[in-house]
Amino acid sequence: MSWLQAMVLAVVQGLTEFLPISSSGHLSIVSKLFFGDDAGASFTAVTQIGTELAVVIYFIGDIVRLIAVWFRGLFNAEVRSTQDYKLAWYVIVGSLPIGLLGFFFQDYIRSTLRSLWITGTTLVLFGVLMGLAERYGKQLRDQARLRLSDGVLMGFAQAMALIPGVSRSGGTITAGLALGLTRATAVRFSFLLAIPAVFAAGLSEIPHVFEPSPYGLQPTGAQMIVSTIVAGVIGYAVIAWLLRFVERHSVYLFVWYRIVLGGLVFALLGFGVIQP
């Protein structure tokens, strides 16, 4: 991997990680279209540490409060009845599906599932599902009305993002809207739900980044560190923008973007411009 490739991919990661358009899918498309090879699942997972640090910094007040309440609730029955204590458990339970599936299917994630035919299909399919959730979701429940079932179902939706093109935030936001959550609540819970899972995935992939592999470009340690920082800085700005955007607008912008991009991927593959 050259420094130009590393910086381009870091910018792509930062711009797309929190938008419901699939950062892993974009990294795969950009790296294959412009650099002739896949960015690699390990590079993707490790740079996500930078974007998740942006989430931690942005939501540091909420995170500290939830952790403190969770520990207090372990020993205090009154605290266990609060919504914050319940929310902390929803995040923990919702993080389990992606962790377990990522561990057992890691070989497929690094290889077979990174085909651009799959990426194009999931971009379109899950774009349509997001549009249906926006159209028919009641959007009546705010964060105070979250339930354990929301955490479980959104956790499984997050696990679908192991397939490039699905989008972690896209899957969880779609599930949240379908469950009747408000758009802002679905987005905020999506951010919180991602923190344990993405940090665990990124840390577990660090050893694999520098292993010789037929799957993806090989970065140096310096490139990996700088790319992670760049992705995090850009990601922080995207978080602030997205939270403001969903309070005033629907997600149809992202729905149409996904469908158009998926169609473009099929066209590029069909004409042999890029290889799967």
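Go through ILE225, GLN275, TYR90 and say which Cα lies farthest out towards the positive end of the charge dipole of the chain; charges sit on Cβ, +1 for Lys and Arg, -1 for Asp and Glu.
Value computed over the given set: TYR90.
Per 0.36 nm of contour for each residue apart, how much would the distance between ARG147 and ALA222 grow if the chain were fully extended, relative to their Cα-Cα spacing?
Length gained, ARG147 through ALA222: 22.7 nm.
Measure nothing but the geometry: give the 0 to 90° angle between the long axis through the Cα atoms of 60-73 and the longest principal axis through the Cα atoms of the chain, rounded to 10°.
Relative to the chain, helix 60-73 is tipped by roughly 50 degrees.
Provide the per-residue ³J(HN,Hα) series for region 46-58, in order, calculated from phi with Karplus coefficients 6.51, -1.76, 1.60 and θ = phi - 60°, each as a whole number of Hz, with x at glycine and proline positions.
6, 5, 5, 4, x, 5, 6, 4, 5, 5, 4, 5, 5
State the extension gain, in nm to one decimal, for the chain segment bounded by ASP62 and MET7, taking 0.36 nm per residue of separation less the distance between their alpha-carbons.
16.7 nm
At a 1.4 Å probe, what is the % contribution of carbon and sulfur to the accessible area of region 3-271?
On the way: 8550 of 11850 Å².
Using a 1.4 Å probe with all protein chains present, region 3-271 comes out at 72 percent carbon and sulfur.
Specify, per residue and in Å³, the volume enclosed by the convex hull of the alpha carbon atoms belonging to region 60-180.
Taking only Cα atoms, region 60-180 has a hull volume of 108 Å³ per residue.
Based on the Cβ-Cβ distance from ALA77 to PHE103, what FRET efficiency comes out when R0 is 35 Å, to the nearest 0.05? Working shown, then result.
Details: r = 34 Å, r/R0 = 0.98.
Calculated value: 0.55.
Set Lys and Arg Cβ to +1 and Asp and Glu Cβ to -1, take the dipole of region 1-123 about its Cα centre, and tell me which of SER2, LEU113, GLY99 lies farthest positive.
Among SER2, LEU113, GLY99, the one farthest towards the positive end of the dipole of region 1-123 is GLY99.
For region 3-271, with every protein chain kept in place, what is the accessible area per residue (1.4 Å probe, Å²)? Walk me through the intermediate numbers first.
Values: 11850 Å² over 269 residues.
For region 3-271, the per-residue accessible area is 44 Å².
Under a Cβ-only charge scheme (Lys and Arg +1, Asp and Glu -1), can you give me the dipole magnitude of the chain about the Cα centre, in debye to the nearest 20?
760
Below 8 Å, C-alpha to C-alpha, sequence gap of six or more: please give me the relative contact order for the chain in percent.
Once divided by the residue count of the chain, the mean separation gives 36 percent.
Hey, what D do you get for region 114-208 in µm²/s if you plug the Kirkwood alpha-carbon radius into Stokes-Einstein at 4 °C and 1.567 mPa s?
94
Please provide three numbers in whole Å: the alpha-carbon extents of the chain along the principal axes, with the largest listed first.
Cα extents, longest axis first: 60, 40, 33 Å.
The values are calculated or read from the model by the stated rules, or taken from the named source; none is laboratory data. If you're wondering where the values come from, they're calculated on a predicted model, not measured in any experiment. In this analysis, Cβ positions are derived from the backbone assuming ideal geometry, glycine residues included, and neighbour counts consider all displayed protein chains. The area values use the complete protein model at the heavy-atom level, side chains included, leaving out ligands, DNA and RNA. Shrake-Rupley method; radii C 1.70, N 1.55, O 1.52, S 1.80 Å.
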